[in-house]
Each structure stands twice: as structure tokens, then as C-alpha cells.
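What follows is a short report on a single structure.
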Amino acid sequence: MEKLEKYVRAGYSLGIVFILTGVALVVFAEEYMKGAITLINIGSVLLFVTFLRARRHRKGLVKDERTVRIGSYGLSYSWFVSFIVLNLLFWIDNLSLLKFTVPQVIGIMFIVMIATAKGFQWYLLRKGDVE
């Protein structure tokens, strides 16, 4: 439980620091308004996610061999799918079918990695175990 308490303290502290930095930028440097709003949003999301995670795991994390194995398999499947998608993006760009910018590729990979990691873990948890 000590680990969760450290996470909660760090999450709340970091969220408040982001929000206060954003507010300070709004007050003292109006030319950085866009960056300030971004910092305030990051802080708010961090506070919200920390609150949800602390609330969900207040009785302690449920972690056993099965859930660790499911998490590992889900992440390895996600890595493999991400590798395939990255190769496909390379060949699509290399064959001039579409032209991608670096931020587009990073955005696509970011979404693919998160979606497949959570998707595979969710699927394996519903299935019950990995073989």
C-alpha cells in the first residue's frame, strides 16, 4: 500500500505544480497563453487520473501470477502489432502511396501502441488466461 500512497502523493503534487505553473504563465506572461492552457489541462488530467486510480486501488492492487502473465503477453502482442504497423507505414511512405510527417507517424504509433496494449490485456483477462 505504501507504493500506492507514494504514487498518489506524487500524482497530486505534479498535477498541482502543472496547474500553478500554467496559472503563473497566464498572470505574468500573457504571450504564453496557449502553453499555459496546455499546462493547466495536463495538471487537471493528472489530478483526475490519480484520483481515479487511487479510488480504484484503495483496497490494494490485485496482482498474482495470472495477471502478471496476462499483462506481459498483452504487452508483447502489442509490441509485435506496433512493429508491423511501423513497417507498413515505412513501406507506404517509401512506395510514395502516402507521405507522412514525423508528427503523424508518432501520433499513429502512439494510438496503436496504447490501443493494442489495453486491447490485448482486456481480451486476455476476459479469456481467463494465456496458453
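Some notes on this structure:
- Residue that is farthest from S82 (Cα to Cα), among those in region 92-107 that are open to solvent by 60 Å² or more (accessible area, probe 1.4 Å) and part of a helix (DSSP H, G or I): N94
- The residue list G35, G43, G71 contains one member that is on the phi < 0 side of the Ramachandran plot, in a helix (DSSP H, G or I) and touching a residue at least 40 places away in the same chain (Cβ under 8 Å), which is G71.
- Filtering region 34-52 to residues that are more than 24 Å from K63 (Cα to Cα) and open to solvent by 80 Å² or more (accessible area, probe 1.4 Å) leaves K34, I37, N41, V45.
- Residues of region 3-33 satisfying the condition of being open to solvent by less than 50 Å² (accessible area, probe 1.4 Å) and either closer than 30 Å to K63 by Cβ or among the polar types (S, T, N, Q) (or both): L4, V8, G11, G15
The values are calculated or read from the model by the stated rules, or taken from the named source; none is laboratory data. Remember, predicted model here, so these are calculated numbers, not experimental data. Reconstructed Cβ throughout: ideal geometry from the backbone, glycine too, with neighbour counts over all protein chains shown. Quick note on the areas: whole protein, heavy atoms, side chains included, nothing else; ligands and nucleic acids left out. Shrake-Rupley method; radii C 1.70, N 1.55, O 1.52, S 1.80 Å.
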